[in-house]
Structures are given as structure tokens and as C-alpha cells.
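The structure appears right after this line, and notes come after that.
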Amino acid sequence: MIKLFAPLYELKGVGPKFAERLTKFGIHTIKDLLWHFPSRYEDFSRISKIADLKIGESATIQGVISAVKLKRTWKRRMFIVEVLITDDTGSIKAIWFNQRFLLGVLKKGRLVNLAGKVGTDPEAGICLVHPIYELTDYGLQTTVKDKEAVVGSLSTVDQLKHTGRLVPIYPETKRLTSKGLRLLIKISLDNLEELPEPIPPHVLAERNFPEINAALRQIHFPENLKEARIAKKRFAFEDLFLLQLVNIRQRLRLSKERACSFPADIPYLKSLLQKLPFELTKSQKVSLWDILKDLEKPHPMNRLLQGDVGSGKTIVSALAAILVARGNKPFDAAQGKQSAFMAPTEVLARQHYLTFKKFFPDFDLGIGLLTGSEAKIFYGEGLESAVKKTEVKKRISDGGIKIVIGTHALIQGEISFSDLAFVVVDEQHRFGVRQRAELLKNNELGIVNSESKNKKEQDKFIIHNSKFLIPHFLSMSATPIPRTLTLTIFGDLDLSIIDELPSGRKKIITKIVAPGNRDKAYAFIRGQVKKGRQAFVICPRIEKEEDTEGRILSSQEISRLEMKNVKEEYEKLSKKIFPDLRVGLLHGKLKAKEKAEVMDKFKRGEMDILVSTSVVEVGVDVPNATIMMIEGSDWFGLAQLYQFRGRVGRGEYQSFCFLFTDSGAKSTFKRLQAIINAKSGFELAEMDLEIRGPGEFLGESQTGLPDLAMKAVQNPDLMKAGREAAEKILNADPELKKYPLLLARLEGFEKEIHLE
């Protein structure tokens with residue numbers, strides 16, 4: 001018997017080279033292999049007679065190999081294996097290109113099944129091109145080495161894996177085919193230990209789902225499509241059910257924790273709002289009120305604040321932080337607590353710091369900036385100084401700084417907070433649970449230097465020990481994600497949405513620019529610069545990708561090689577197109593200090609045009625910049641394009657966004673047109689989802705839970721069913737004492753996923 005978590009090398013026939021191919025799909029164990037589910041199925045269940053075959057149809061035939069021939073075409077430089085198969089109605093040829101090893105497999109006189117599409121060949125005539133083959137000499141025990149994988153012996157019709165049945169097709173590569181995967185999965189299932197069912201029987205019964213052992217066989221080797229669909233639905237339900245258990249348990253844990261309570265000082269808040277040079281939008285006010293009501297509670301806030309680029313999320317969270325710094329009403333500085341703002345980049349951290357300075361110049365309780373490259377302290381108008389990092393850390397630990405803004409530098413090194421009570425994380429999906437725990441580790445308000453040496457236990461203690469006060473948590477995200485996905489992935493968070501832009505903002509004029517209109521676009525940019533405005537030029541790559549000599553490239557690879565890169569574009573624009581203008585260069589390979597210097601020059605108006613990669617996607621605020629020109633726009637996701645466009649239109653001037661593409665595909669035009677038509681980032685996300693489907697929309701690692709999120713999008717009713725089942729079980733048994741198998745599976749599931 002094979003254990004579920006046994007390494008792949010324990011499986012007969014899996015050598016080091018083949019195991020290495022599997023690791024590219026993240027397949028390291030038997031469990032990984034069996035959970036590598038089919039993407040679709042081919043119906044080869046009906047065996048056709050050769051005389052009845054029609055060109056263009058997919059079919060399975062069974063016959064005797066009556067001839068085998070190897071041919072070589074010098075013009076195309078390839079070997080062709082040509083096999084003649086005969087049944088009682090006629091004969092047909094099957095051909096394979098560059099697979100000489102088949103000469104040792106498909107021998108004259110052998111009985112074989114072939115499954116594939118009936119086509120034509122100039123020389124062979126009507127034939128099967130690259131069909132799936134399966135030897136069916138029943139009773140004849142034979143083992144043949146297959147380049148794709150291990151080929152076992154066949155003795156009964158029930159053992160057909162590749163033909164004569166509904167055949168699973170898997171995600172594959174050139175050197176790892178569905179046939180090889182089917183062979184390994186069949187061997188694994190035949191020798192696998194009996195698996196315990198983690199989902200309570202009554203939960204499965206209520207939805208007519210099969211238990212886990214039957215479901216595994218039915219998803220890989222189903223008798224019919226209905227059986228395959230039910231098995232797939234069962235595993236989708238399991239993941240969503242477990243995810244909702246994680247979310248609800250986290251909510252329950254937090255409801256038992258204690259946090260500082262901050263009743264809102266409404267008169268002081270009104271005075272702050274009156275000093276702002278603008279009025280908050282309705283959705284900003286609603287979101288701020290949500291946050292203030294959470295801060296009043298003696299339990300920690302756990303909220304997600306979503307809003308479009310430039311919608312004013314930072315000012316909302318900043319107002320909350322200032323109220324936390326003032327303490328409980330009436331104002332008592334001694335009761336004021338600390339807030340920490342974490343940003344994914346130094347550029348964004350610096351932007352938050354400047355926002356505080358600009359809109360709250362009278363705040364004199366200390367604002368600190370701490371990144372990998374700089375450290376500053378601000379104590380009100382005219383009282384700012386660049387200091388050593390050690391000084392900032394000292395002032396954080398003694399409570400002399402009430403608001404700390406930084407990057408991951410806040411959780412690296414020896415930084416101790418005196419009384420951290422409010423944590424704000426921008427672009428929440430870029431930070432993990434463990435990183436949040438790091439922020440709390442040396443917080444005197446909650447716990448000072450836990451003596452536990454076990455990192456895992458220490459983090460658990462820090463986050464969940466109700467004897468100590470823990471900070472309120474607010475995450476902010478400008479990444480537009482459909483509401484269904486948000487509720488699935490961030491189901492443990494309360495949600496506030498800012499769905500309006502500040503008043504006075506002009507709509508950004510967006511155009512898709514064909515290659516023939518490039519010179520007109522350059523002329524327009526020159527005209528804007530002459531008026532005193534500035535422009536961004538965004539490229540997908542930093543530098544040109546080197547070609548692989550002698551390798552035949554696909555059309556997509558050729559497109560990648562021709563993709564615009566910032567270094568060449570900078571040379572072209574600065575020397576040929578705009579030699580009289582000031583052109584700057586920015587990309588991710590520059591050192592942090594160099595990037596900061598470039599951005600500062602651009603903000604000060606010392607550059608007219610900034611050629612950059614996606615490093616300007618978040619955290620750049622240059623009101624004088626009115627043009628966003630995006631090269632190779634079809635290489636970016638719609639969410640990214642929306643973020644780029646949000647870098648302009650932040651001032652009083654009319655702004656423009658030009659989407660350049662060399663693609664003539666209708667699908668590309670339709671996708672880019674969505675940027676023009678969408679009224680908000682959330683509407684755009686829904687449109688993007690509809691155009692590309694959940695797989696392409698989410699990618700492989702956007703959320704850490706791509707498969708689960710896709711299941712929720714494809715079947716929101718299934719997500720609802722998973723949540724209802726989770727709530728019902730936890731309401732009756734919060735500790736899952738009656739369900740030890742479910743608890744064990746849940747603990748393993750929490751290790752597998754990352755909610756970032």
C-alpha cells in the first residue's frame with residue numbers, strides 16, 4: 001500500500017528525471033499527483049469500425065497492427081512512424097512524427113486501441129495523426145518502456161486508461177503528457193491506502209457527494225461526464241468549506257480577543273475635516289464611520305478597505321490613526337496609542353508620509369518614516385529632520401512617535417513598539433499573516449519579548465492570547481477584485497468600499513493607439529510638455545530578452561522578444577524622438593536610493609518624461625503629470641492598466657491615457673476597450689472576468705488561492721453552501737471536538753494556503 005504523503009520516488013517506475021518534470025507542476029508527493037485534477041475529458045468510449053470513420057471526427061478504433069514502417073523526410077528533417085491497423089471492415093494508417101521509440105512498442109501482430117482525430121495526410125491519405133495508443137493483448141503479460149512514463153501490463157478491459165472510455169486530459173508540458181500522468185495516477189489509485197473522509201458524512205449526504213476514495217477514482221477515471229462533474233464539484237465544495245471554516249474560526253478567535261477601545265472624539269474630528277482643502281466623498285465618510293465604530297469596540301477590528309486608485313483611502317485611514325494617537329476622549333496624550341502603516345514599496349511608504357505632512361501639518365505627536373533607505377521624524381510644521389534609523393527605532397520604543405510609516409523594514413530588525421494599537425497595511429494581499437504577527441511580537445501594549453523559542457507557537461501566542469491587548473487591523477487595497485472573490489478570499493474581514501472619486505477630478509481621456517498613429521501621439525505629448533505638463537511612458541520589460549540560438553520560436557515567444565523594454569525605449573525617446581526634452585529612466589533593478597532620486601526629480605518637475613516599468617503602478621502622486629502612455633498594453637492585466645492610468649488625473653488638468661498595442665486581434669481590442677467603458681475598477685474587474693474567464697483573470701498566485709477563488713466565481717451557490725455548512729458545524733461545535741478528522745484536515749489546509 002502507498003501512503004498518501006509518500007514521496008513520488010516510492011511509486012514504481014518514477015525515476016529522478018521524470019520526478020523532476022513533475023516538480024514543475026508542484027507535484028512532489030502522491031497526494032500532489034492525485035490532486036492534479038483533469039482540466040477536461042475526451043470521450044473515446046465508443047469503439048468505431050474503421051470503415052465507418054469520417055474526416056474530422058474523434059474516434060477510438062481497435063485492430064491488429066498489420067504493418068510498421070519508419071520513414072525519414074529530409075526536407076522537414078524528421079522521422080515518421082507509420083503503422084497500418086486492420087479490423088474486420090478495413091485498414092487505416094496512423095502516423096507519429098519524431099517518435100522512433102514507438103517501433104519498440106507497436107509491433108506487427110499486436111492488438112491495439114487508437115484514439116484521436118481522423119484527418120488526412122498528403123502521403124498517407126485518410127489517417128489518424130498522433131493518436132493515443134493502448135496495447136490490448138488481454139492475457140499477454142508484457143512491460144514496455146514508454147518515454148513518457150511507466151507502462152504497466154494490461155489483462156482486462158476495465159484497465160483501459162487511454163482509449164475506449166472517457167479519457168482525462170491534464171494540464172501538461174512537452175515532456176509531461178496526459179498519457180504519462182494517467183499511467184502514474186492509475187498505478188497510484190490501485191495501490192493507495194484507504195483514505196479517511198474529513199468531511200462529516202451528513203454534510204456529504206445533504207449534497208449527494210461521494211466520499212473521498214470514490215471521488216478520486218471518479219474524477220480521474222469516470223464512467224460518464226455526470227460522474228466526473230459530481231466528483232469535481234465535491235472537491236470544489238471541500239476546499240470552499242474548509243476556507244469558510246478558516247474564515248469563521250478567525251472571526252470567532254478575534255471576537256474573544258481584547259483591544260484598546262477608542263470612542264470617537266466627534267468635535268475634534270469635525271475640526272480636522274474643516275481644515276482639509278476638500279470635502280470627503282459620501283463613501284469616504286461611510287468607510288471612516290465603519291472604522292471609527294470598530295475602534296470603539298473592545299475587540300480588534302479586522303477590516304478591508306477597498307477603493308479605486310486615487311479614491312482617498314489613505315486620508316480615511318490617516319484620520320483614524322490621528323484619533324488613535326489622541327487617545328480616549330476627552331483628549332489625553334498619555335492615553336494616545338501608536339499606529340503602524342505598512343506599504344509594499346518605499347515609494348508608497350514615502351507617499352503616505354507626505355500625505356500626513358501635507359494635510360495634518362499641526363500634528364505634533366510624532367510621525368516617523370522608516371524604510372530600507374531613509375529615516376525621518378516629523379513633529380509639526382517646520383519640525384522635521386532626517387535622522388539615523390537607530391534614533392527612529394528609539395523614539396518608537398519609548399512612545400515618542402505615535403504614527404510610524406514604513407515598508408517591511410518595520411518587521412525586520414529590533415523594533416519595539418511602546419503601545420501599538422492600530423495597524424494599517426496597504427495592498428493587503430502582498431503581506432502575510434506571519435508578517436502581521438512580526439509587527440506585534442515586540443509590542444509592549446500586548447506582550448514583551450515572549451520567551452517561547454518555538455516560532456510557530458510564539459506567533460500563535462501573540463495573535464490569539466486573550467490576556468493581552470492586540471492592535472486593530474485595517475488593510476487597504478486598490479486592486480479591483482469582484483465582490484464574490486473578495487468575500488471568498490477575505491471572508492474573515494469586514495468590508496468597506498470607497499466607490500467614488502474625489503469631487504473635481506476630471507475623467508481621464510483614454511485611447512487605444514494603433515501603430516500607425518504613434519507619431520501623432522508623440523506630437524501630442526510634446527505639445528503637453530510645452531504647456532508645462534509631464535508624461536509617463538510604461539514598458540513591460542527592463543531590457544531585451546536574448547534569443548536562443550538555433551531554437552524554433554513560437555509566435556508568442558517572438559512577440560515577447562519584440563516587447564518594448566525601458567532601456568531601449570529610453571535611448572530612443574531621449575536621443576531620437578525628444579532630444580530637446582528631459583527624459584528620465586526608472587526600473588526595478590535600480591537601487592532604492594536611485595529610484596527615490598528619480599521620482600523626486602520627476603515630482604519637482606526636473607524631468608518632462610519618465611520611462612518606467614510597472615514600479616510606478618502604486619504609490620506615485622504627481623499632480624502635474626497628465627499623460628500615461630503604455631507600450632505593449634496587451635501584455636498587462638486590466639487591473640494593472642487601471643492602476644497605471646490612476647497615476648495621472650490627480651491634479652486640476654485634463655489627463656490622457658494612451659494604450660499602445662501591435663496586436664490586431666479582436667479579443668485584444670475588446671479587452672482594452674473595457675478600460676475605456678468601465679465606470680470603476682470594480683466594474684472593470686467584472687468585465688475582465690467575463691472576457692478572460694477566472695483562470696486567466698486570477699493567474700497562478702495573485703491571491704494564494706487561485707483554484708478556490710475560481711470555484712467560487714464559477715459557482716457562487718457552491719460558495720454559499722460551503723459557508724452555510726461551516727457556520728452550522730461551528731455554531732454547534734466551535735472547537736470541532738466531535739470532528740477530529742475534519743480538524744486534522746483543516747489544520748493541514750491552513751498550512752497549504754496563504755491568505756495574503
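Taken together, the values in this text are just the output of simple stated rules run on the coordinates, not laboratory data. Computed from a predicted structure; not experimentally measured. Here the Cβ is made from the backbone with ideal geometry for all residues, glycine too, and neighbour counts use every protein chain on show.
Here is how the numbers come out for the structure above:
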| read-out | value |
| --- | --- |
| Rough spin-label spacing in nm, given labels placed 7 Å along Cα→Cβ, for LEU354 and ALA214 | 6.4 nm |
| Gain in span if fully extended, ASP52 to VAL64, counting 0.36 nm per residue against the direct Cα distance | 2.6 nm |
| Residue-span extension gain [ILE266 to ALA523] - 0.36 nm each, minus C-alpha spacing | 87.3 nm |
| Packing-based order for 469-478, 215-224, using average beta carbon neighbours within 10 Å, highest first | 469-478, 215-224 |
| Cα-projected label distance for VAL286 with SER663, points at 7 Å along beta-carbon direction, nm | 3.5 nm |
| Sequence ranges 341-354, 48-61, 674-687, ranked by mean other-Cβ count within 10 angstrom, highest first | 341-354, 674-687, 48-61 |
| Inter-probe distance in nm under a simple model that places probes 7 Å from Cα toward Cβ, at GLN274 and PHE25 | 6.7 nm |
| Amide H contacts under 5 Å for GLU42, placed H, 5+ residues apart | VAL167, ILE169 |
| Count of lysine pairs in segment 256-305 with Cα separation under 26 Å (8 or more residues apart, or interchain) | 12 |
| Amide H within-cut-off set for ALA375, under 5 Å, with H built and near neighbours excluded | VAL387 |
| Amide proton proximity set for ILE126, modelled H, under 5 Å, gap of 5+ | ASP121 |
| Peptides ranked, highest mean first, by Cβ atoms within 10 Å: ranges 314-325, 229-240 | 314-325, 229-240 |
